[in-house]
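The structure appears right after this line, and notes come after that.
The values are calculated or read from the model by the stated rules, or taken from the named source; none is laboratory data. Note that this is a predicted model, so its numbers are computed, not measured. FYI the Cβ positions are ideal-geometry reconstructions off the backbone, even for glycines, and counts take in every protein chain you see.
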Ligand SMILES: Nc1nc2c(c(=O)[nH]1)N[C@H]1C(S)=C(S)[C@@H](COP(=O)(O)O)O[C@H]1N2
Ligand SMILES: [Mo]
């Protein structure tokens, strides 16, 4: 016979995860069951909850990496979950509701370019290939505001190792999805969609470069760039591309969306540097998002350990 035993919570979550087709058909199911209105409402609420169950929820909280902590407090979740920059869903900071239109399953990531063998991998498979960890990171937007987030994910260098780039690869190029029906901001002709960003191979190999899959001890919220985004805490926020669909190893320096749009204002390097003003404002200070306090900005956003990556470079070119 069978015995009843305790299941880990992820198995339960998986069992409840309703396939999209079934979910969409729920109205006809309810009709077929002949449920009254009240019963249908209860069942519907249950199905909606099941739909929210994330198949990777069991991976959080991820082990804390104490090498990456900060002095000062973490930005409260409700604050930075409602103050975002995600132009695919609108040009204001108030895009959290609209970003819920982002469909994150299924989610395939293509790895191509100068690699031993290009491949495509589903996010749910990738996220279980590399151990996750939690890191507290500071984030400095080029618009002179900052926050601190408990991200979870894995070092970008672990993904580079999986990709097996060839010696000729000099840069890593990242690309966000392109789907104007889903993300209405992509209907705007003012921006060269899809969002693209890039780093050098050496930058990608630095332990600080982090692929984010979670935040606040759960899968990362859609408005923060679910299911997979980059965070480069020593660079201005626009380098940290969200909702990545393609990672290419290339010989030519990639041109990011902002650099393509306005090269005199948004450079490739984009290293945080209080001494190099943006052409339209100073970068000397930053506004801490959750306190409103103005504090001095630090070179490399305080992450001095990246300095060797730029040894010999003229400091004024650190930004451009
Ligand atoms: N695909 C995509 N990635 C993006 C952006 C964007 O508009 N689209 N905005 C960038 C900018 S300017 C910042 S400051 C951060 C904001 O991240 P957050 O909303 O999670 O705080 O995401 C970056 N990554
Ligand atoms: Mo930003």
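A few remarks follow.
- Residue count for segment 122-144, restricted to those that are surrounded by fewer than 17 Cβ atoms within 10 Å (Cβ to Cβ) and in a strand (DSSP E or B): 1
- Taking the listed residues 97, 57, 67, 110, the one that is under 19 Å from residue 232 (Cα atoms) and surrounded by fewer than 19 Cβ atoms within 10 Å (Cβ to Cβ) is 67, with no other qualifying.
- Scanning segment 243-260 for residues that are under 22 Å from residue 94 (Cβ atoms) and in contact (Cβ under 8 Å) with a residue 24 or more places away in the chain, we see that the one that is farthest from the chain's Cα centre (by Cα) is 257.
- Of residues in segment 70-94 being outside any loop (DSSP other than H, G, I, E, B) and either within 15 Å of ligand 2 (Cβ to nearest atom) or touching a residue at least 40 places away in the same chain (Cβ under 8 Å) (or both), the one surrounded by the most Cβ atoms within 10 Å (Cβ to Cβ): 88
Yes or no, residue by residue, for (1) within 16 Å of ligand 2 (Cβ to nearest atom); (2) at pLDDT 95 or above; (3) closer than 22 Å to residue 207 by Cα:
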residue: 102; (1), (2), (3): no, yes, no
residue: 118; (1), (2), (3): no, yes, no
residue: 123; (1), (2), (3): no, yes, yes
residue: 129; (1), (2), (3): no, yes, yes
residue: 142; (1), (2), (3): yes, yes, no
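- Here residue 243 meets each of (1) at positive phi; (2) surrounded by fewer than 19 Cβ atoms within 10 Å (Cβ to Cβ) with one exception, condition (2).
- Subset of segment 265-316 (residues that are assigned to a helix (DSSP H, G or I), surrounded by 13 or more Cβ atoms within 10 Å (Cβ to Cβ) and touching a residue at least 12 places away in the same chain (Cβ under 8 Å)): 299, 300, 301, 302, 306, 309, 310
- Checked against the criterion of being surrounded by 17 or more Cβ atoms within 10 Å (Cβ to Cβ), within 16 Å of ligand 2 (Cβ to nearest atom) and within 28 Å of residue 272 (Cα to Cα), the candidates 154, 174 yield just one match: 174.
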